Amino acid sequence: MRARLFVSEAFRSLAANLSTSVAAVMTVLIGMFLLGLFIALGSWVISWTDHVKKDLVVNVYFCTELTCGEEVGPKQIDAVRADLASNPDVKEFSFVSKDKALDEMKRRFPELTGQLARNPLPSAYEVIPVDADRVQEVAASLEPAPVGVEKVTYGEKKAERVLQVATIIGAIFLVGSVILLIASTILIANTIRLSIFSRRREIEVMKLVGATNWFVRAPFMLEGIVCGLAGSIVAVVLLLMAKELALPGIMGRIESPDDIQAWSFPVVALILVCVNLLVGAVGSGITMRRFLRI
Amino acid sequence: MLNGGDGDGMLTTAATEEPLGTPPAPGGTPMIVFAAVTKVYDPNVVALREASFVIEKGEFVFLVGPSGSGKSTIMRLLLKELDPTDGRILVGGRELARLKGSKVPMLRRNIGCVFQDFKLLTDRTAYENVAYALKVQGESKRDIRSKVPEILALVGLGAKMNNHPHELSGGEQQRVSIARAFVNHPPLLICDEPTGNLDPDTSVGIMQLLYRINRTGTTVVMATHDREMVDKMRKRVIALEDGTVMRDERRGGYG
């Protein structure tokens, strides 16, 4: 019965101090929306870098007249093929013939290839490692270069850079999320503090009339919870709308294979809501104790 | 409802006796006991200096004195908003010093208080303001629904139950305050300059109300500046100056 009284008192207060309540809800909403956005984007980027890592390939370029003095022979190609087939770090590999290489070149740079009398491009094996982090090991397994192999490249810089970027992005995401979380919490707590402070006369009267501390505190804490809940629910709804409406528009321009995904939506939503309940209740309770010594 | 019956005893002049004075009940537990109570604020501001007095149940007592003489300090000590630096205070036979923090709300529910600035909750109606005092006690909605209109009618605001404080005159607001203070029929009513913000005519009405409340057996202690009223009513007067009790007279005047 007490609980019902507190709840009705809380809603009465919310209605009576509408502008403050709306301010609190808006604060929560903005904070949570940004946080949700950040989490979504951050986890998407991480997934993307994972994907890019998969694209790292090792290229085994065979000799041509120009590079080694003579073309590579079929036996030598076969030797390399056997090598790769028995390498546990190699997931798959495919042969790119000179002709295929030239066709690809013609497609990408027609002006350069128009004048060629002969095909200067080498044939190659494109090797995809099982684990993107072991690209270097795969390349190393072909050292020293077998007969007929001109060079082995693996976009060394690209690999390093991608790994670096991935780490940096991961760090930024983590730090950013923490900062946003702290900022949201502070904002919410501040809004609550302002609302309680502006009603200190009311609280004084309540105490004079003989209300116990919890009798005064409970409705305020409930108010904090309700505002937090309302704000985060609306934020979740907005994020949902953004996901359904805005995302297809943006993503249409970016190639995005299926394996890239942000964290599952319900998980994010749940996190937001729980954070808010906690901040709302605890924030109000602490604020009242500190400011009003009740 | 308010002006009927028992003769406006308080409007007698000094020459005639107060016909309906309530003599104290000897032998019963006093309502209030102040025993050499001293209150010092930091730094070294002495608000009350060894104040001693005893107020019996059912008395009507004026606390008079200039600003800063200690009247408000006494009020706050009674409500345990402050604790004395020295001395003992007993309310209803209970030593305030021994009262735990969690029991203070209980104390306050047994003391009705009325202030100069009314101290109403501005976003609630007159009804809701009085009802709050009952809610705090855990009274049921049914009890509230019967008690509140009754007390508001008693103070003359039956028709204005659903008005907010800003829709009421000063005198009416003070009546709401008194209704709230009295709805629980507490044994003690303390008033800190209740007519301070009111014009003389309205003040008379308020005083009549407080007088009637006193007649029901409620002890009333009132701090006031209002010289005229004190002289008219001829009740017990405790006069303070600079924190010291200068005078304590049975049928006192303002002095």
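The values are calculated or read from the model by the stated rules, or taken from the named source; none is laboratory data. Everything numeric in this text was worked out from a predicted model, so none of it was measured. In this analysis, Cβ positions are derived from the backbone assuming ideal geometry, glycine residues included, and neighbour counts consider all displayed protein chains.
For the reader, a short list of remarks on this structure follows.
- Hits in segment B:113-140 - residues which are part of a helix (DSSP H, G or I), touching a residue at least 12 places away in the same chain (Cβ under 8 Å) and either over 17 Å from A:A211 (Cβ atoms) or more than 8 Å from chain A (Cβ to nearest Cβ) (or both): B:A126, B:Y127, B:N129, B:V130, B:A131, B:L134
- Close Cβ contacts (under 7 Å, 6 or more residues apart or on different chains) running from residues in segment A:1-27 that are within 11 Å of chain B (Cβ to nearest Cβ) to residues that are part of a helix (DSSP H, G or I) and charged (D, E, K, R) comprise A:L5/B:K135; A:S13/A:E223.
- Boolean, B:V230 is touching a residue at least 24 places away in the same chain (Cβ under 8 Å), part of a strand (DSSP E or B), under 25 Å from B:T73 (Cα atoms) and away from every other protein chain (no Cβ under 14 Å): no
- Matching entry among A:I192, A:I172 (being of a type outside the set (D, E, K, R) and buried (at least 16 other Cβ atoms within 10 Å of the Cβ)): A:I192
- Matching residues, segment B:199-242, being surrounded by 21 or more Cβ atoms within 10 Å (Cβ to Cβ), modelled with pLDDT of 90 or more and at positive phi: none
- Count of residues meeting criterion [within 30 Å of B:L134 (Cβ to Cβ) and in a helix (DSSP H, G or I)] in segment A:209-239: 15
- The residues listed here are B:L198, B:L189, B:L210, B:L240; of these, the one that is among the hydrophobic types (A, V, I, L, M, F, W, C), in a loop (DSSP other than H, G, I, E, B) and either over 15 Å from B:I151 (Cα atoms) or touching a strand residue (DSSP E or B) at 6+ places or on another chain (Cβ under 9 Å) (or both) is B:L198.
- Some residue of segment B:93-101 being assigned to a helix (DSSP H, G or I), modelled with pLDDT under 90 and out of contact with any helix residue (DSSP H, G or I) (no Cβ under 8 Å at 6 or more places or on another chain): yes
- Residue match in segment A:156-170 (condition: under 30 Å from A:V28 (Cβ atoms) and not polar (S, T, N, Q)): yes
- Within segment B:173-200, residues that are under 21 Å from B:E128 (Cα atoms) and without any contact (Cβ under 8 Å) to a residue 40 or more places away in the chain have Cβ atoms under 9 Å from residues that are β-branched (V, I, T) and crowded, with 24+ Cβ neighbours inside 10 Å in these pairs: B:R175/B:V155, counting only partners at least 6 apart in sequence or on another chain.
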